[in-house]
1. Please list, ordered by first then second residue, the pairs with beta carbon atoms under 7 Å, 6 or more apart or interchain, first in the stretch 382-401 and without any contact (Cβ under 8 Å) to a residue 40 or more places away in the chain, second basic (Lys, Arg).
2. Please give the number of the condition Val206 fails out of (1) in contact with a Lys or Arg (Cβ under 8 Å, 6 or more places away or on another chain); (2) open to solvent by less than 10 Å² (accessible area, probe 1.4 Å); (3) more than 21 Å from Thr163 (Cβ to Cβ).
3. If we keep just the residues of the stretch 139-162 that are open to solvent by 10 Å² or more (accessible area, probe 1.4 Å) and under 27 Å from Lys81 (Cβ atoms), which is nearest to the chain's Cα centre (by Cα)?
4. Mind checking which residues of the stretch 328-370 are modelled with pLDDT under 95, under 20 Å from the mean Cα position of the chain (by Cα) and among the aliphatic types (A, V, I, L, M)?
5. Tally time: how many residues in the stretch 237-289 are modelled with pLDDT of 75 or more and either open to solvent by less than 20 Å² (accessible area, probe 1.4 Å) or of a type in the set (A, V, I, L, M, F, W, C) (or both)?
6. Name, by its number, the condition in (1) open to solvent by 70 Å² or more (accessible area, probe 1.4 Å); (2) outside any helix (DSSP H, G or I) that does not hold for Val358.
7. Can you tell me which residues in the stretch 44-98 are within 24 Å of Val21 (Cβ to Cβ) and polar (S, T, N, Q)?
8. So, in the stretch 21-70, exactly how many residues are closer than 16 Å to Pro389 by Cβ and among the β-branched types (Val, Ile, Thr)?
Amino acid sequence: MANCIVAQSGGPTSVINSSVVGLLQANKEINAFNKVYAGLNGIEGILKGNIIDLSSLSESEINEFRYTPSSGLGSCRYKMKKLEESTEEYDRLLDILKSNDIKAFFYVGGNDSMDTIAKLGGYAKKTGIDIKFIGIPKTIDNDLMFTDHTPGFGSAAKFIATTALETYLDSSVYINNGIFILETMGRDTGWLAASACIARINGKPVADFIYLPEVAFDIENFLIDVRKRFEENNKVFIVVSEGLRNSEGKFITEVKSQAHDKFGHAQLGGVGAYLKNLIINSSITNRVKSLELGVLQRCAMHCASDIDLQEAFDVGRSALKFALEGNSGYMVAIKRESNAPYKTSHILVEADKIANNVKYFPKELINEEGNHIKEEALDYFLPLISGLPSLVIDNHLPKFRTISR
């Protein structure tokens, strides 16, 4: 009986390991592969021979791993060369897979990972090698095309909305309150920032303004809005995406930092501090605080969504079944069947349709002023944040487990 392998790539999420466990559990039930291997640190690790056997894990170890945030198999941001430039890496990887009698390769990742799946699937087919390549979606950014949402997003949205509630209350206790700015991740899209619209007290959104990359940021309008609201309420709560762009399409913070990752993406962050300085320099008030949520958005298991964990598990299960049906070069996508009751199904989408494309937050769900989210968006967000995870507890803290050699 042949074997399969699973690996993780790109930025972590709080539920990414649940997809690996879903695949493991499906294989135990179906008994499709003799061993389920893991490639440590993604493609980069596999090319170095960093492969371990996941099939030997006990039930308790698997359960702890499922409720562990971040990429428990290790991750990478490794960009394979274009096939037309060189096939050396592809040949070496396929040789490693063949030497371990691997017939199916599963990659848990986002946009760039699906680009890898598309290339590997196409090359294996072209060279007549019988190995199936299936992508399992993950990203807190929720920016993958052709899937209703991505595993990892629901938990990040829940954390952002919860933090918005808590920081709003913290910033509203004085007679003379100030202005609070909450900065979320989101390089190209505003899904994460938009999810703050869920945060409500007495039925009213806590965020006065929400700014997304999908709408060009206008400094003059921003200062007018903030000044007016501050004069009316003596406090303002703002949620902003790190990927804010001006009318020329340039990142607000990119001018300050020219750092890029291996895929050529600009390293962002600091837009909250930028807006804070704008407000202070405009003499609206000196009482301005800015909080950049950073990596907490993708690793806060204590505030994860149980439905998100389950959906991550389910796409892992489906990936195995789709591979057994002979599919290759595809990503498992989530299709929403209904909101009430909330129901989804899984479909396959060609990985090359996902790669190098971006699913933007719908502009029809942004208000006319471009500074908040319409009420209709709640129907989309709310089902994704339901339930709390059943964490394994040890010494009054969550018990986490990573996988290593």
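The values are calculated or read from the model by the stated rules, or taken from the named source; none is laboratory data. Quick caveat, the model's predicted, so the values are computed rather than measured. Here Cβ is always computed from backbone atoms with ideal geometry, including for glycine, and neighbour counts include all displayed protein chains. Only protein heavy atoms, including side chains, enter the accessible area calculation; ligands, DNA and RNA are left aside. Shrake-Rupley method; radii C 1.70, N 1.55, O 1.52, S 1.80 Å.
1. The qualifying pairs are Ile393/Lys399.
2. (3)
3. Among those that are open to solvent by 10 Å² or more (accessible area, probe 1.4 Å) and under 27 Å from Lys81 (Cβ atoms), it is Thr139.
4. Listed by number, the list holds a single entry, Ala355.
5. Residues meeting the conditions: 21.
6. Among (1) open to solvent by 70 Å² or more (accessible area, probe 1.4 Å); (2) outside any helix (DSSP H, G or I), Val358 violates only (1).
7. Answer for the stretch 44-98, where residues must be within 24 Å of Val21 (Cβ to Cβ) and polar (S, T, N, Q): Asn50, Ser55, Ser56, Ser58, Ser60, Asn63, Thr68, Ser70, Ser71, Ser75.
8. Within the stretch 21-70, residues that are closer than 16 Å to Pro389 by Cβ and among the β-branched types (Val, Ile, Thr) number 3.
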